[in-house]
Structures are given as structure tokens and as C-alpha cells.
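First up is the structure itself, then whatever we jot down about it.
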Amino acid sequence: VLQIALGKLRAEDREMIESVYFEDIPLKEVAETFEWSVMKAKVRAHRARKKLRIVIEDILNKRC
């Protein structure tokens, strides 16, 4: 389910989630990679998690 949900996210959101949560790359390094401020990276990570949660809930609701 997680792989399907990640596939439905925009590439930038998917990369953010994978980098921070699966590869344990510090948020500061992710911000540097995307050429963002750390604050913008925090906001983008929050929004990406929110989008991922919605997509997962949608997938699970369709399966039930």
C-alpha cells in the first residue's frame, strides 16, 4: 500500500518522504539538496506527509 501511495505523490513530495523518513537523511541536508531553507523543507515535509496520509486512507477505503 505504501509503495502504491508513494507512486501517486508528486516526485518532489516522494523524494522528500523517502529521503527524510526512509533514508534518514537530516532535514538540513534535504533542504540543501532542494536548495530550500530548512523552514521550507519542514513545511514541505509536513505537507507531503499530509498528502501521503490522504492517499493511503483513500486506497484503504477503496479496498474495504
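The values are calculated or read from the model by the stated rules, or taken from the named source; none is laboratory data. Quantities reported herein were computed from a predicted structural model and do not represent experimental measurements. All Cβ positions, even for glycine, are placed from backbone atoms using ideal geometry, and neighbour counts span all protein chains on display. Surface areas here come from the heavy atoms of the whole protein model, side chains and all, with no ligands, DNA or RNA. Shrake-Rupley method; radii C 1.70, N 1.55, O 1.52, S 1.80 Å.
Brief remarks follow.
- Acute angle (nearest 10 degrees) that the helix 38-63 long axis makes with the longest principal axis of the chain, alpha-carbon atoms: 10
- Net charge in the neighbourhood of Arg53 (other residues with Cβ under 13 Å of its Cβ; Lys, Arg +1, Asp, Glu -1) is +2.
- Our helix-only sum for the chain, with -39,500 (n - 2.57) per DSSP H run of n ≥ 4 divided by its residues, gives a mean residue ellipticity at 222 nm of -22500 deg cm²/dmol.
- Among the protein heavy atoms of segment 4-64, carbon and sulfur supply 52% of the accessible surface, probe 1.4 Å, non-protein parts ignored.
- Lys42 paired with Ile59, simple spin-label distance in nm, labels 7 Å along Cα-to-beta-carbon: 2.9
- Label point distance in nm, Leu2-Ile25, each placed 7 Å from Cα along Cα→Cβ: 1.8
- Using the Cα coordinates of the chain, the gyration tensor eigenvalues translate into equivalent-ellipsoid semi-axes of 24, 11, 8 Å, sorted from longest to shortest.
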